[in-house]
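Only one structure is covered here, and it is reproduced in the block below.
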Amino acid sequence: METKILNFNDDECLEILGEDQILAFPTETVYGLACNADSVEAFNNLCKTKNRPVDKPFTIMVSSKDEIKRYVDLTKPMEKLIDTFMPGEITIIFPAKKDLPYHLTLGMKTVGIRIPNLKEIPDLIKRFNHPLLVSSCNISGNKPLLNTEDVYKEFNQKIKGIVKGVCSSFIPSTIVLIDGDNLKLIRQGSLAFEEINKVWKQSL
C-alpha cells in the first residue's frame, strides 16, 4: 500500500475515506487517525491499524452542533457546554441515543464527540458528508505522534494517506463525561476542567 502525502483540500482525502481506509491528519492537539464513522469495515481497519483491541469506542468527530443531535438527545446544559467550548480542544462523552450502531458504542450507553478547532477538519467532514471516527495517531500504548515525518515513519505502507501539517498544542484534548447532573474529568488536556465544570454547574 502506497502512503501518499496530501493536503486537506485534495480530493484523494475523500477517496481514501470513501474506500473505508485510514487517513492521518494534524489537529490542533496531536495527529489523528481517521476513518468513515458510518462504516463498520472502516472501524475494523482503524482498530487493526492501531493494533488496538475492540473494547473501547473511538471519538466521533463532527463539523457542527446539529450533527451531534444525530447521536445525542441534547439538554440545555449540554448545549451550553457545546456553545461555550466547541469547536475546541475538548471531547465530551454524552449519554448516547438508543439503537446507535454497535461499532460506535460497543454496547456502552455513551458516545464521545469532538468538534475540532482546526477549520480544515470540519471543512473535510462537510465535503465527505460523513462524520469521522478519530483516534490519536499512534500504535496503541505508544505516545501520540505530533508531526508529518514521524507519522510517515510509523505508518508508511500501513495507511493510504497523511495530510501534512503542524499540530499546535501537542497536548491531547480534555475529555469530560456527563453523568447525570455531574461532570467528570476523564483526561486533563490543555483546556482546564475547572473552567468547563464551572460553565456546566451554572447551566443546571
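For region 163-198, residues that are surrounded by fewer than 16 Cβ atoms within 10 Å (Cβ to Cβ), aliphatic (A, V, I, L, M) and touching a residue at least 60 places away in the same chain (Cβ under 8 Å) total 2. Considering only residues that are of a type in the set (A, V, I, L, M, F, W, C) and surrounded by fewer than 17 Cβ atoms within 10 Å (Cβ to Cβ), look in region 1-40 and name the one that is nearest to SER190 (Cα to Cα). Within region 1-40, the match that is nearest to SER190 (Cα to Cα) is ILE5.
On the given criteria, is ILE196 part of a helix (DSSP H, G or I) and in contact with a strand residue (DSSP E or B) (Cβ under 8 Å, 6 or more places away or on another chain)?
Spelling it out, ILE196 is indeed part of a helix (DSSP H, G or I) and in contact with a strand residue (DSSP E or B) (Cβ under 8 Å, 6 or more places away or on another chain).
No other residue among LEU81, LEU124, LEU133, LEU104 is over 26 Å from THR49 (Cβ atoms) and either touching a Leu at 6+ places or on another chain (Cβ under 9 Å) or surrounded by 18 or more Cβ atoms within 10 Å (Cβ to Cβ) (or both) apart from LEU81.
Since every read-out is calculated from the coordinates, none of them should be taken as a lab result. In this text the structure is predicted, and so the values were computed from the model without any measurement. Cβ atoms come from the backbone with ideal geometry, glycine included; neighbour counts cover every protein chain shown.
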